[in-house]
Amino acid sequence: MCPQFWLTCVDRRWADMAVLLNERPLHEKTALPKTTAVTALFAFNAKLDRDTMKLFAKTHGAEVSAAAVAATGQEVLELLHGGLRPRVLVLDALLTKPSVTSLLQEISTMHLDPEPAVLVVVPVPEETAARKALRLFSQYQIMLRPYGMKSLFDEIYRMGSTDDEHRLYHLRGCCDAVLDAYGAPATLSGYHYAERMLLYALYADHPQQIGVLQQYVAAEEGIELGTVTSAMNRLSQKMSKRGMEPYRALCRRCGRPEDGVLSNGQLMAGLLQELCSRAEPYL
């Protein structure tokens, strides 16, 4: 069930917020799961594939980090013997020197700790040469070409992350989709604060007031509470100027003109309601 969201503090003064926040220490309040990037070792025959993996990993470094990108099976073995311990091996089925099947057999004899998950990219559904060798590993997957890079990196993250990390990853994706639909792309100033506030609201074990959510973010970022509040005010103003229909519709529901500006509380309540609908499978 989606958490409820209190709007009684839409116009609450700072002093009132301070009284509310002093009820419990911050460390006893809501906490988001700690996450780390999934380290992956990529090995592909084609230079274009290798360059694409490097580039995409740079833009998705918070979720998937390219520990190394190899061109041959021998390079993979040298990296592993040298102490590299990726959480996921991403291998081209057309890999040579040695073949991906021989490579997997060799890696299985190394008894790596921790054992990596293995994802093999195959050109055709009938490609089964590596399937027997893959069964030597406790976690493996086969992905068919052609594939979308986001789908590939989503799968890498799923394979290399914990259940809590994977859930947070999908909830963040839902937050991104909702904020974008309401007129707040990730490049907009204040976006990060709004995303974190929504996540704190989802993970809270009891209803949260807007001031509390802002305080969570302020404490997390090491900044003043007023900085978060001002940034959220400006974000709502910019979203109003962009004039996306979901934002205009929320204005109407809140009794404001379509081209009006929602208060922080009204905006977060509307976003959270939409988010709960999209994120239901992960709540």
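Coordinate-derived values only; no laboratory data. Predicted model, so just to flag it, every value in this text is computed and none were measured. As a convention, Cβ positions derive from the backbone with ideal geometry for all residues, glycine included, and neighbour counts pool all protein chains shown.
Odds and ends about this structure:
- Calculated SAXS-style log₁₀ I(q)/I(0) at q = 0.16, 0.17 Å⁻¹ - the chain, Debye, Cα scatterers: -1.10, -1.20
- Counting only aspartates and glutamates at least 8 places from Lys241 when in the same chain, those with an alpha carbon closer than 15 Å to its own are Asp180, Glu258, Asp259.
- Each residue of the range 39-50 is assigned a 3J(HN,Hα), and the resulting list reads 7, 10, 9, 9, 9, 9, 5, 7, 4, 4, 4, 5 Hz, derived from the Karplus form 6.51 cos²θ - 1.76 cosθ + 1.60 (θ = phi - 60°), x at Gly and Pro.
- Taken about its Cα centre, the chain carries a charge dipole of roughly 520 debye when the Cβ of each Lys and Arg holds +1 and the Cβ of each Asp and Glu holds -1.
- Just so you know, the averaged projected area of the alpha carbon convex hull for the range 163-261 sits at 6.7 nm².
- Residue-averaged 222 nm ellipticity for the chain, from DSSP H runs of 4+ at -39500 (n - 2.57), nearest 500: -15500 deg cm²/dmol
- Linear extension gain, His111 paired with Lys58, 0.36 nm per residue minus alpha-carbon span: 16.1 nm
- Note on Ser230 and Asp176: their simple-model spin labels are 3.0 nm apart, each label 7 Å out from Cα toward Cβ.
- With θ taken as phi - 60° and the Karplus curve 6.51 cos²θ - 1.76 cosθ + 1.60 applied, the whole-hertz 3J(HN,Hα) list for the range 115-124 is 6, x, 6, 10, 10, 10, 8, 10, x, 9 Hz, x standing for glycine and proline.
- Gain on full stretching of the segment that runs from Ile142 to Thr187 - 0.36 nm per residue minus C-alpha separation: 12.8 nm
- In nm, spacing of pseudo-spin labels at Leu48 and Lys34 (7 Å Cα→C-beta vector): 4.3
- A straight chain from His81 to Arg278 at 0.36 nm per residue would run longer than the Cα-Cα distance by 66.5 nm.
- Distance distribution P(r), the range 38-160, all Cα-Cα pairs, bin width 10 angstrom from 0: 14, 52, 32, 2 percent.
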